[in-house]
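This report refers to the structure that appears directly beneath it.
Read-outs throughout are calculated quantities, based only on the coordinates presented, and are distinct from any laboratory measurement. Source: prediction; values computed, not measured. Neighbour counts run over all protein chains shown; Cβ positions are idealised from the backbone, glycine included.
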Amino acid sequence: MDTALGGIISFLITFATMASIYAIFSMGLNVHWGYTGLLNFGIAGFFALGAYTSALVTSRMPTGALANYVKQVFGLGMPFPIGVLAAAIVAGLIAIPVGLLTLRLSEGYLAIATIGISESIRIFFNNESWLANGPQGLIGLPQPLRSLVSPDYYNFVYLAIVVIFLVIVYLALERGIRSPWGRVLRAIREDETMSEADGKNVFLFKLQSLVLGAVIMGIGGSLYAHFSAAIQPSVFEPLFGTFIIWTMLTLGGTGNNKGAILGAFIVWAIWSWSTYLINQVVPPGFQTRAPYIRYILIGLILVIVMVRRPKGLIGEERQVSRF
Amino acid sequence: MPELIVYGIVLGSIIALGSIGLTLIWGITDLFNIAHGDQMTAGAYLALLFATLFSRINFLNTRAGPFSFNWSLVLAFIPAILISMALAIVVDRWVYAPMRKGKAHSIAGFIASIGVAWCLRGLIYIVWGADFKFYTPGLRQMLFLPMGIKLRVDEIFIMLISWSAVAAVYLFLLKAKMGKALRALADNPDLARIAGINTEMMIAWAWGIAGLLITIAGILYGIETQLRPEMGWIFLLPLFAAVILGGQGSITGALAGGLILGLAQQISTAWLRPTYKPAIAFIIMILVLIFRPKGIFGRR
């Protein structure tokens, strides 16, 4: 393959993979915020739980000299699908006590409480080295179907895996929101008291919504871990773990799964392509600082969308059912 | 332990000072301002900018009495505060004021304030870089008090300034006509509007006060530790906890909450690693949210 062209293709494949993983998170958030009106600002917490669970389940305990440097609580060496499954289950299970603690709080408090929980999870992984090697994190995570193709083409395989998950999550959610269950969620978002008067157990529906979204975020975390093949607590800081996903969903269109995916691709394009552009344009002396222009870009998108177009690029479909 | 209590009071003073603006804005406009922490960082860095400028004047480039910083920093408080106040008011006019007309404005504002926070932090990273900065490098003088308490001379300055600023704002809210109007607005916005109070004007004042106090808090925190672009974001978490502990819109509550948070965070280091300090703030906050969501002094 021609090297220049190869570089562009490899860049695009990496871009599409990351954007698809973020699209999965964005759809998970859409279940919470878009459909049910839950202000979950703790995406990074479920992201971290999914990523770490999958990493611990699929990797093996370090042996020999490595064991002196890498500590982890266990390493089961299971195949990738088991890792994804475990990630989904653990994120979903942890969502239950989180929901029991926080879902009775009003909107703003819920947001703050979930930031607090996700930060506590990150700080815990950072400090407790026995669990998953503390700040250094885990590296060399196994990648599925690695031996299938030569390493040069492996990213195509992984992109295909991520896209399969993206499609499954999308179809499942579209079906879910068009079901009676999905309509109850939207009713709760619009008017909690009214839904209660209609005999719906609002708290239970909110809890189900929180768990479903968390399961999706856990899957996303697992996919991220095996793509980058390395995770450390700094990945799960609120900026990349939570707020960028909020920007994606609000830009794309809250309450619309297509919007969630669109927003993820646009925001990730701005983020990753501006890195590339900055490296080309900015003089070398300024290159360590210039990437922070991206913070301003993402921040401006969020502000402008909220002030000018709170529904996002594609707003919610008013009618989701034919009957 | 007595040493940890003293450190807790020093940290608590800064948290108390920073949390007043947060609770004021929350009480008056229902907005939980995520950008408050980054406004703190911006204030601290603005002071650094002006302190460096002023240090070209010879007589300002000398130590301010027994403290570890120069007179140039003392003078730099003034322009840093003025610019921060102006910035806070301008951001409110551009971002939050247009939203106030819509319903669910407090959530829209909350999300937008994350964007504001990113913009500020990006700007700080670009102008000053990611490295730690100090107002004045060099040794810091220590005081040896009874019971084995070691206190930096600077920490006396920190407590002095923060509590005088708190007292001044408190008096303003209690006595001045403007202050009374602000409290009326925080208490019952609709009634205040009917009584002829210009609410938008009052909100601008509240943002000004918030900008003033958070800048002082930022500079003091910079003197206590060092300047880094994430300092305010990390500090935001205890600020939130203090405000929630105190109750929405309650200044007294924020002061008490700030002191409690400072003490709890420092005393926890007797048993836990200092890196767990932010987690302590979270745990306190979540416990308050579950058992007494109104806060100690809250009415709503």
Efficiency by 1/(1 + (r/R0)^6): what FRET value for A:VAL149 and A:GLN287, r their Cβ-Cβ distance, R0 = 25 Å, to the nearest 0.05? 0.15
If every Lys and Arg gets +1 and every Asp and Glu gets -1 at its Cβ, then about the Cα centre chain A yields a dipole, in debye to the nearest 20, of 280
Residue order, fewest to most surrounding Cβ atoms within 10 angstrom, among B:VAL169, A:VAL169: B:VAL169, A:VAL169
Segment A:ILE13-A:LEU313, extension gain: residue separation times 0.36 nm, minus the distance between their alpha carbons: 105.5 nm
Grab the alpha carbons of the range B:210-297, take their convex hull, and tell me the volume per residue in Å³. 96
Sort A:TYR276, B:TYR135, B:TYR45, B:TYR170 so the one with the fewest other Cβ atoms within 10 Å of its own Cβ comes first. A:TYR276, B:TYR170, B:TYR135, B:TYR45
Residue-wise HN-Hα coupling along the range B:134-145, computed from phi with Karplus coefficients 6.51, -1.76, 1.60 (Hz; x: Gly, Pro): 10, 5, 9, x, x, 6, 10, 6, 10, 10, 9, 9
Measure off 7 Å from each Cα along the Cα-to-Cβ vector at B:PHE291 and B:ARG56, then give the distance between these two points in nanometres to one decimal. 5.7
Starting at the first residue of the range B:275-287, write each ³J(HN,Hα) from the Karplus equation 6.51 cos²θ - 1.76 cosθ + 1.60 with θ = phi - 60°, in whole Hz, x for Gly and Pro. 5, 8, 3, x, 5, 4, 4, 4, 5, 4, 4, 5, 4
Assigning unit charges at the beta carbon (Lys, Arg +1; Asp, Glu -1) and nothing else, what dipole magnitude in debye, to the nearest 20, does the protein assembly as shown show about its Cα centre? 700
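In whole percent, what relative contact order does chain A give with Cα contacts below 8 Å and a gap of six or more residues? Mind showing how you got there, number by number?
Working: 510 pairs, mean separation 100.5, N = 323.
Normalised by residue count, the contact order of chain A is 31 percent.
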With no solvent term and unit scatterers on the alpha-carbon positions of the protein assembly as shown, Debye gives log₁₀ I(q)/I(0) at q = 0.05 Å⁻¹ of -0.23
Tell me, what is the FRET efficiency for A:ILE89 and B:LYS177 to the nearest 0.05, using R0 = 60 angstrom and their Cβ-Cβ distance as r? 0.50
Which whole-Hz couplings ³J(HN,Hα) result when phi for each residue of the range B:59-67 is put into the Karplus expression 6.51 cos²θ - 1.76 cosθ + 1.60, θ = phi - 60°, listed in order with x for Gly and Pro? 6, 7, 8, 10, 4, 7, x, x, 8
Using modelled amide H (1.01 Å from N, peptide plane; none on Pro or chain starts), what sits under 5 Å from the amide H of A:PHE41, excluding residues fewer than 5 places away? A:THR114, A:ILE115
Based only on the alpha carbon positions, what is the Kirkwood hydrodynamic radius of chain A, in angstrom? 20.5
Place a point 7 Å from the Cα of A:SER129 in the direction of its beta carbon; the residues of the range A:67-102 whose amide N falls under 17 Å from it are A:67-74
Please order A:ILE82, A:ILE115 by the number of other Cβ within 10 Å, starting at the fewest. A:ILE82, A:ILE115
